[in-house]
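Let me begin by presenting the structure, written as structure tokens, before commenting on it.
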């Protein structure tokens with residue numbers, strides 16, 4: 001499975017783990033109350049993009065920038081733990097080093 005960041009009208013809609021970009025867009029649309037992305041785009045237009053992000057490269061960049069290893073946050077509610085700080089999502093982790101998750105395209 002891969003991690004995709006979803007953007008609609010240049011707005012960050014979050015990250016989704018899926019096998020393909022199409023599956024990630026379908027998951028996003030489902031979260032928004034639609035049957036799938038085709039249903040959402042039929043009503044509002046096809047203006048979403050799904051960009052696969054390289055989470056390993058992101059973690060390596062955080063480690064290089066902070067000097068602390070990035071661990072999976074197995075005990076908290078987030079996706080990563082760095083020097084005792086839990087990060088809820090990939091965008092939040094990338095912002096911790098002044099980047100955006102889409103800066104780490106796969």
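The values are calculated or read from the model by the stated rules, or taken from the named source; none is laboratory data. Every value quoted in this text rests on a predicted model; they were computed, and no experiment measured them. Neighbour counts run over all protein chains shown; Cβ positions are idealised from the backbone, glycine included.
Summary of values
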| quantity | calculated |
| --- | --- |
| Every residue from region 61-88 that is under 16 Å from the mean Cα position of the chain (by Cα), within 20 Å of residue 103 (Cβ to Cβ) and in a loop (DSSP other than H, G, I, E, B) | 78, 79, 88 |
| Tabulated pairs, region 22-33, first over 18 Å from residue 52 (Cβ atoms), second at pLDDT below 95, C-beta under 8 angstrom, 6+ apart or interchain | 30/36; 32/40 |
| Pick from region 60-78, criterion closer than 21 Å to residue 105 by Cβ and in contact (Cβ under 8 Å) with a residue 24 or more places away in the chain, ranking: surrounded by the fewest Cβ atoms within 10 Å (Cβ to Cβ) | 65 |
| Residues of region 34-59 that turn out to be assigned to a helix (DSSP H, G or I) and touching a residue at least 40 places away in the same chain (Cβ under 8 Å), as a count | 3 |
